[in-house]
Amino acid sequence: MDLAVVGAGRVGTSLAVLWRRAGHRIVAVAGGAATRGRAARFLPGVPVLDAIGAAKGAEVVVIATPDAAIGSVCQEMATAGALDAANAVVHASGATGLDALAAAAASGAATLSVHPLQTCPTVEAGVERIPGSTFAVTAAAGDDQGFALGERLVEDAAGHPVRIADERKPLYHAAAVFASNCLVTVTALAEELGLAAGIEDPIAAFAPLQEATLANIARVGPAEALTGPAVRGDAITLERNLEALHRYAPDAVRSYVVLADLALELAERSGRVRADRTAVEEVLARWR
Ligand SMILES: NC(=O)c1ccc[n+]([C@@H]2O[C@H](COP(=O)([O-])OP(=O)(O)OC[C@H]3O[C@@H](n4cnc5c(N)ncnc54)[C@H](OP(=O)(O)O)[C@@H]3O)[C@@H](O)[C@H]2O)c1
């Protein structure tokens with residue numbers, strides 16, 4: 001296929017590199033001031049045009065700008081007559097609906113999205129990590145051709161497609177926030193507490209524990225992988241943890257209680273609370 005990538009940043013360039021390897025032609029890329037150098041480095045020989053020029057030569061136009069620019073960039077290409085029924089316009093955002101591509105749809109183009117469930121801090125990381133990653137593929141309800149095109153694009157980037165309905169994209173994205181961003185956030189809290197406890201490099205100290213935990217989750221699922229005081233029904237340890245937090249890191253008490261509540265619910269749902277949960281609930285209620 002002839003593809004154009006508008007917004008050839010980290011994700012757009014990574015996808016373009018992978019699609020090129022799979023035999024597609026990248027007819028042009030577009031973006032801001034830094035895009036030219038990125039294209040010269042990772043996509044040698046691919047012309048850097050403006051969005052309208054890039055779209056005009058392509059069957060499939062992939063918009064991989066920051067989320068907030070998807071709608072306006074799409075509108076700009078549609079208004080200039082660069083999109084019609086021969087085009088498919090695709091965005092790569094996890095939280096944005098197909099409504100951002102409404103101007104393309106009004107021009108007769110097919111609209112869909114392919115969102116890599118992966119973190120791409122650099123182009124190099126994207127090219128390495130995207131293969132093997134799951135992608136959410138979204139097209140309008142009943143648009144089997146749109147879904148099929150998305151699945152082909154994902155498979156050609158060596159990803160695994162999963163169909164997600166447009167109205168469930170924000171829910172899907174919230175799930176990804178829990179799986180990734182929340183992990184980072186609680187790790188930052190663990191780092192702060194580890195430092196306060198006297199560990200010089202808490203991130204390095206906790207890494208083997210975290211890696212083993214993630215491996216366990218992948219192997220047996222979160223319910224079976226859960227360990228710790230809540231699942232043990234260990235009210236005394238919970239009380240000691242909370243007293244220490246109150247003394248040394250009072251801002252962390254609220255987070256600890258919320259997460260212990262969730263752990264208790266998970267343990268309860270999977271039938272794994274080993275002791276009477278009343279004692280644990282009493283401790284948590286006192287610190288709420
Ligand atoms: N990074 C990730 O981990 C990740 C993962 C999954 C999905 N996504 C999604 O992928 C999309 C792109 O994210 P990214 O992280 O790759 O962004 P990025 O690295 O910031 O790249 C954005 C690209 O868009 C260009 N650009 C910025 N503003 C523009 C505008 N107003 N008009 C035209 N081009 C513009 C930039 O040009 P210059 O660089 O030249 O300024 C750059 O080429 C987003 O929808 C994001 O949600 C990102």
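The values are calculated or read from the model by the stated rules, or taken from the named source; none is laboratory data. Note that the structure is a prediction, hence the values are computed from the model and not measured. Heads up, the Cβs are rebuilt from the backbone with ideal geometry, glycines too, and the neighbour counts pull from every protein chain shown. Accessible surface is based on the protein model in full, side chains and every heavy atom, while ligands, DNA and RNA are left aside. Shrake-Rupley method; radii C 1.70, N 1.55, O 1.52, S 1.80 Å.
Restricting to the stretch 10-47, give me the number of residues that are within 12 Å of the ligand (Cβ to nearest atom), in contact (Cβ under 8 Å) with a residue 40 or more places away in the chain and open to solvent by 10 Å² or more (accessible area, probe 1.4 Å).
Of the residues in the stretch 10-47, 4 are within 12 Å of the ligand (Cβ to nearest atom), in contact (Cβ under 8 Å) with a residue 40 or more places away in the chain and open to solvent by 10 Å² or more (accessible area, probe 1.4 Å).
Please indicate, with yes or no, whether at least one residue in the stretch 91-99 is crowded, with 18+ Cβ neighbours inside 10 Å and part of a strand (DSSP E or B).
Checked the stretch 91-99: at least one residue is crowded, with 18+ Cβ neighbours inside 10 Å and part of a strand (DSSP E or B).
Quick check on my filter: what residues within the stretch 9-50 are within 24 Å of the chain's Cα centre (by Cα) and among the β-branched types (Val, Ile, Thr)?
11, 13, 17, 29, 35
Among the residues of the stretch 229-240, is any free of Cβ contacts under 8 Å to residues at least 12 places away in the same chain, over 18 Å from residue 278 (Cα atoms) and open to solvent by 80 Å² or more (accessible area, probe 1.4 Å)?
No.
Out of 105, 55, I need the residue that is free of Cβ contacts under 8 Å to residues at least 40 places away in the same chain, part of a helix (DSSP H, G or I) and of a type outside the set (Lys, Arg). Which one? Walk me through how you get there before you give the answer.
Working: 55 fails: free of Cβ contacts under 8 Å to residues at least 40 places away in the same chain.
Only one candidate passes the filter, namely 105.
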